[in-house]
Each structure stands twice: as structure tokens, then as C-alpha cells.
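A short worksheet on the structure shown next.
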Amino acid sequence: MPTTAHGVNLRYMQRAPLVVPAVAFLLGIVAQLHGFAPLLACLCVGLAVFRRTAAAAAALGLLVAYVHGHPSSVDREWHTARYAGTVVGDVRSEDGLVMFPFAVDGFGTRRAICRQRVGAGARLAVRARISPIDEARNPGEPSPRTLAIDDGLTGEIDIARILAREPPDARDPRIWPALAREHAARIVRAALPEPAATVLAGALWGERGALPQAVRDDFQATGTVHVLVTAGLHLGVIAALAGAGFALLQIPRIAGALATIPIVYGYAALSGWHLPSQRAAAMISIALLARASGARAFSLNTLAIAAIVVAACWPVALESISFALSFSCVAAIVLFAQPIAAWFEARHLPALPAEALALTISTQIGVWPLTAAVFFSVAPYAIVANAIVVPLVGVTMMLGIAMIAAHPISSLSAVFASWELWLLTLILGTAQVIAALPGARLMLTPPPLWSIVLYDIAAIGASTALRQRPLVAAIIIGLACAGVAAAANFRPPQPFSITALDVGQGDGLVIRTPHGRTIVIDTGGRLERGATVDGRSPAERSAERIVIPYLRRTGITRVDLMVLTHPHGDHVGGAAAILAMMPVGWVADSGQRYGGHAYSDALREARVAHVVVAVPHCGERWSDDGVTVTFLTPCGPKFVDGNNDVNENSIVLMMQYEGFRALFMGDAGFQSEARLLAQGVDLHADLLKVGHHGSAYSSSPEFIRAVHPRIAIISVGRHNLFGHPAPSTIATLRANGIATYRTDRCGGVTVSVSNRAAVTTMLDCDSEPKQGDTYGVRY
């Protein structure tokens, strides 16, 4: 008779009666959150005839999501004013900015952005602007607002100036965890060198410290980056340590399990009380209650109960990737770990390594498609790396706690620190060695959701065959993995499209042809006014958070033509990373001398990759897949002795696909426009990428009349310090009846061409044409 993962026949499924109601409950929440409640309500009525429990659970899910499925948050921007509040979380620095959770009196906890250093627990009076946290601003990217919910944040406050400071109020319990972490961090960093100290801080309380990029890449490549974020693994270690301690004290099972629950919750609070740690604490508590009652700590039933409890407490978390990762991981352990361990033990592998391998294999079966969807890569050696690193992390946590607790006894604390450093060096060395193996990190386009669902169904089927037919189970899993990979790499033909990414105060445009050719015009970034970190400028770090993930999400593996209109950091920030990450046909460069880090790094990476960097000739053309690019500048001598020479010498190009024409101006302004007009160039275009972010020194009325576009796109940053776009530029565009889309208001803008040009925007632009508007083109 077929069996489940625990060697019990199919009647085991009958002893997990909460699985179906739990699934129905979750579906009810999802339906309400996405506006499908009426449809599911109708299905519930029909289902009630056959499965009343499931119908009732789905209806309850609808009700729960309706009541508190949408947490309160700032829904509009408030004018700059005076506010007071308390720093209630960790303070971290990035790109010259200081960020921290700030409990604003009367407004709840907001994510604060400041330019002055503050300490945990401080009371501040500030002059600031309160605004909502962003929804996704570029195609396919995760919503920052949803991610912020994991940290308990429902708004943002941009602090212009700190007006007054007061020291922490020791009577305020909200600041106790942050102060405890700050104190522990000082002890850890005094005892251990970097990067070992930050790795330990990540393991103990999930500190998001500034690990060197190479170290972070090693953890990413080996699939062990999860050890740096406090969640189920870390709370599980705390629960195991507490349970072992109670067992040594001969505390009865029931009392020990119940006493462990407040310890787990206390540690979750100490680590920051983020949603993943709250969720993990809830799941572990249910497992401990099951153990106290004499049932399996981890089973399908306890997993179903945990899903119901977590979803009922935090309905919106159901849509987060961390929720999916948590439950996929535990479900895979429940279904696969025991029979895999038994298989290893039957082949005379000792119990401890057999269990370690079984846990890592089952975990990877459960989570690899989701991690591929999040990190755009697959770690082939993750099973080996996790089998080594995860047990070591448990020991380092124990030693780290002992080191901090023994701090008053310096000699004893030093002994623990020496042992800790040895283990942390071993962890870092393991990650580095495995990451250096051939094929350690395979890039993969995020697989579509339907392929992950089908994979999960196949995995459940494989688990039922695992005990008696392990070869069949392995074949099913192998085919399911191949199916996910094939689905991720399948890209049907698509219309010609131009996407202006919202990169802030910069330019980043990606053009895709019907048969998959890619042209990138500028690569995002920011002005290089901050210090380099790990050898990368602020421009590069900014671009790598937006442009590179977009290319990976959309399955772009090659850039056929990269145009760097001019060498400023807000236009070339992502160039070096793209050149290092994927093949590039050739780079069109303006040929100007410039000493910015981002531009220099791009030229260096091009040399390393043997990519040709050339200055296009006036009138030179590039054609592929029905697209023709004509370089309109440089024509004539470069502009010199002006305040905006680098901008004025931008590459200007005309792109044509069938009858559709698009003019890209880089940061060119009045001088370049006048030269083009004087040379009699045919400037007519359906789409104009407005020059220099719509500044007052570009887009003259004569030039706009000559181009006479139907659509204009302005790539510009919100609340930028330059006043872009200038009112005069907007007035000129409106006077000519041009539909204007601004990335500061619209987010990413995509123009798709198939008979007509259709415009879609990531955000609803209040004062602009709505997304989905279509425009005739010059065929």
C-alpha cells in the first residue's frame, strides 16, 4: 500500500483533517485581498453541499481578510511639518543616509530617512515630511510597501532636520530590544573582527550589517544567506537549546514544552519582532503545544494549524515571499525528511549526518523554486553547504550567547570568543570554497507562479511514493525541476517595447524587439556625491538595486547594444554590473573624458569582457530584428567651455521600428537641439525621451514643434533638488498637446508597439493620461 513520508499508509492523510480547511481558509484570505470574494463566496455555497467544513473555512478566511486584511497605513503625503517621536529600532547607514524605525507621536511607526546620526531609543523632535511607502514602481519588482509590513512599518518619514534630542527613556519598553541589541553589538564587535562579527550579529538577531559584497555573494551562491536573517532556523535553535536545558534539569515534557514558548517569543522580540520572527515563533509554539499534548511536533496537522493561526493574525503576510518560504520549508521537512534519513541509514550512514543531509535535501526540495524566483539564481551546492553551515550556525549561536552573557568575566568571555572566531572562520571559509566551485551559481529567470504550483503538486505526489519507490519519487522530483527550469526560460514572442525604468534622478531605458534582441540606453544610477563602499560608488549601488533585477526578472541574458549617452553617474551606474553579468554586443559611448567611478568601472569591465567601446559616427546606423538605430550626434565639434558641456555632448539617437519612431535625447539641452535644427535633421518622432530630465535648459518650443511627438517620457526623481522637470518644459509639452508621462509620478513607463502604440504605467498618474491609452503612429 502506498505510504506517506513517515512510513504510515494513506490513512495518515485521514488523520490530518485540518489540511483541507486550512487551504480553504488561506484561499478565502487571498480571494478577499485580491477582490475575488464574490466568486469564492459563490463557490463556497456550492461546496457547502459536499464539504461543509472547507466551505466554512473559506468563508471565515473571507471574513478575516475583510476585517483586518489591509493594515492601516499612510495613504497620502503630508506637508513638511514638526513631528516628535522615538527611535524604536536599529539604526543603519546606507549611501550617506541614516535609516531607522521611528515611532511618530500620533502616526505609528514609520521608516525614517535622515542625514544626521542618531542612537537607538533617542527621543527626537524633527522637521519632516510623512508619506506612504512605495508600491512597486517598476515592472515585476516586489512591493516595498508589502516588504515593509514584515518590519511593522506602514509609512515613511523623510527628516529634513533634527530640531531637538533627548536621551532614551529607560521606562519605555518599546526601546528595550533595540538597546539590548546595541549593547550586544558593542560586545560582539569588541571581541571579534569583521566580517565574523557581522555574521554572528546576523545569526543572533538578524542585523543587516554592511557585509563586504564578496562575502554576501558567497552566502548567496551557496544558498546559505538565510542564516543571516533571524527566522525559523534561529528560533528553532533557541527552542532546542531551551528544551535541552529543561531535559538536563529533568523537567517533565509538558512543563518543559510549555516553558519554552515564552523563551521563543522573548527571543523573537529581542531580535526585532519582525513579521518573519513572529510567524516563526507562532509555528514553533504550535509545535511545542503538540509535543506537550503527546502528538508529533511537526506533522501535516500542526502545519495546518500554524498556517491558520499565522494567516488569521497577519492576513496580508500571506502574500509575502517569506510566508511561502517558511511553510514550503516546513512542509517539505514533514513530507521528506524522515524517509530520506531512513534511506541513508539503511545504507550505513551514521544517524547524525544522515539526519543533517535529509533536512537539507528536503528543505531544498521545498524552497528552491521560490528562492530562484526571488534571487534569480540556483545554488547547485546548497545541499552540501547547508549540511555543513546550518549545524555550525547553531553552535555559533550558543557560543555567541555565552560570550555576551560572560562579558563581565572578561577571561571567560575571551575563551568563548576564540572558539567563536574559529567556527565563524570555518563558516566563512566553507561558503567561500563552495562558492568558488564551477557552476556554483546558475542564473535563472524567475519561474512563473503556475510552474511553482505544478512543481509543489508533483512534490506532494513524490512524497507518497518515497518510502516504497524512492527511484520513482526521485524521477518525479527531477522532472518537476526540469519543468520549472523550462518554464522559467520560455519566453514567447512579444511586441516591440520601450520601458523607461523609474531609477530616480537618472535615466535607464530598456528596448526589447519581437524576437528577443535587447538595447539598453543608459543604465540608471545617481550622482556620485558619496563615498565608495566595497569599491563601488553610490551610483553603482543604486542602479544595481533597480536595473539589474529588472533585466533578470524579464529573462534578458544578453544586451545587443548598450548606449551610454554621457558619463555622469546617474546614466552609467549599472553599466559595469551589466558588462560583468552578461554578454554585451558593443557599447556606444560619447567619448568624453570623465573621472567618475561608475564610468571608469564600466570601461574597465568592458576591457575585461573584451567588449568594444566605440564613439559612433554622425549618421551611423545599427540594425537588427527590424529595429534601426541612427546616431544623430556627435556631429561637429564637441561643445566646450560651457557649464553643461558633458550633458550637451550626450549621444542623441533616433530609433525606428516599422513606422514607429522614437527620439532619445540623453541630457542634451538647448545647444544640441539648436545644432540638430540647424543641420536640418528629420526629427519627427512618435515618442520623445525628453532631454536632461525636463530641465529648464532643454526642450525649446522650436525643438518640440520640430519633433512633434504624440508621447513624451520624462525620467526624473521625486523631490529632486534640481526642480526637474521645469514648469516651462511641462508648459511647452502641454501647449503642443503631447501626452506626457513622468517616472516620478507614473513609476516605470512601457510603450508597446503593435499597429498602435500602447502606454502602460506602474502607478496611476493623476494628472497624466491613464495607462492603457493608445496612440497612432506614423506608418
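The values are calculated or read from the model by the stated rules, or taken from the named source; none is laboratory data. What you see is a predicted model, and the numbers here were worked out from it, not measured in a lab. Counting neighbours? That spans all protein chains shown, and the Cβs are built from the backbone with ideal geometry, glycine included. Side chains included, ligands, DNA and RNA excluded: accessible areas come from the protein's heavy atoms. Shrake-Rupley method; radii C 1.70, N 1.55, O 1.52, S 1.80 Å.
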When you scan the range 763-771, do you find a residue that is modelled with pLDDT of 85 or more, farther than 17 Å from Lys689 by Cβ and surrounded by 15 or more Cβ atoms within 10 Å (Cβ to Cβ), even just one? yes
What number of residues within the range 302-345 satisfy the criterion of being touching a residue at least 40 places away in the same chain (Cβ under 8 Å), of a type outside the set (A, V, I, L, M, F, W, C) and open to solvent by 40 Å² or more (accessible area, probe 1.4 Å)? 2
Tell me which of these Phe298 doesn't satisfy, since it passes every other one: (1) modelled with pLDDT under 85; (2) in a helix (DSSP H, G or I). (2)
For the range 76-125, how many residues meet the condition of being touching a Pro at 6+ places or on another chain (Cβ under 6 Å) and surrounded by fewer than 17 Cβ atoms within 10 Å (Cβ to Cβ)? 1
Could you tell me which numbered condition Ile713 fails, if it satisfies all but one of (1) touching a helix residue (DSSP H, G or I) at 6+ places or on another chain (Cβ under 9 Å); (2) modelled with pLDDT under 95? (2)
Members of the range 66-96 found to be aliphatic (A, V, I, L, M), over 18 Å from Pro144 (Cα atoms) and at pLDDT below 85, listed by number: none
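Say we look at the range 211-224 and pick out the residues that are in contact (Cβ under 8 Å) with a residue 40 or more places away in the chain, part of a helix (DSSP H, G or I) and open to solvent by 30 Å² or more (accessible area, probe 1.4 Å); which of these is nearest to Phe327 (Cα to Cα)?
Gln220
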Which residue is farthest from Leu421 (Cα to Cα), if the candidates are limited to the range 160-193 and must be basic (Lys, Arg) and either in contact with a strand residue (DSSP E or B) (Cβ under 7 Å, 6 or more places away or on another chain) or surrounded by fewer than 16 Cβ atoms within 10 Å (Cβ to Cβ) (or both)? Arg161
Out of Ile251, Ile308, sole residue that is more than 20 Å from Ala178 (Cβ to Cβ), part of a helix (DSSP H, G or I) and either in contact with a Ser or Thr (Cβ under 6 Å, 6 or more places away or on another chain) or of a type in the set (A, V, I, L, M, F, W, C) (or both): Ile308
Exactly one of these conditions fails for Gln592: (1) under 22 Å from Gln656 (Cα atoms); (2) of a type outside the set (A, V, I, L, M); (3) free of Cβ contacts under 8 Å to residues at least 60 places away in the same chain. Give me its number. (1)
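The rows are residues; the columns are (1) basic (Lys, Arg); (2) more than 36 Å from the chain's Cα centre (by Cα); (3) under 19 Å from Asp507 (Cβ atoms).
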| site | (1), (2), (3) |
| --- | --- |
| Arg607 | yes, no, no |
| His617 | no, yes, no |
| Gly626 | no, no, no |
| Ile651 | no, no, yes |
| Tyr657 | no, no, no |
Gly642 - would you say it is under 22 Å from His693 (Cα atoms), part of a loop (DSSP other than H, G, I, E, B) and not polar (S, T, N, Q)? yes
So which helices (runs of 4 or more DSSP H) are wholly in the range 364-481 and hold at least 1 residues that are of a type in the set (S, T, N, Q) and open to solvent by 40 Å² or more (accessible area, probe 1.4 Å)? 410-435, 449-465
I need every pair where a residue in the range 21-40 that is within 14 Å of Pro315 (Cα to Cα) has its Cβ under 9 Å from the Cβ of a residue that is of a type in the set (Lys, Arg), sequence separation at least 6 or different chains. Ala24/Arg51
Would you pick out the residues in the range 670-689 that are over 27 Å from Thr513 (Cα atoms) and either touching a Gly at 6+ places or on another chain (Cβ under 6 Å) or open to solvent by 10 Å² or more (accessible area, probe 1.4 Å) (or both)? Phe670, Gln671, Ala674, Arg675, Leu677, Ala678, Gln679, Gly680
Gln592, sole failed condition from (1) over 29 Å from Arg541 (Cα atoms); (2) of a type in the set (S, T, N, Q); (3) touching a His at 6+ places or on another chain (Cβ under 8 Å): (1)
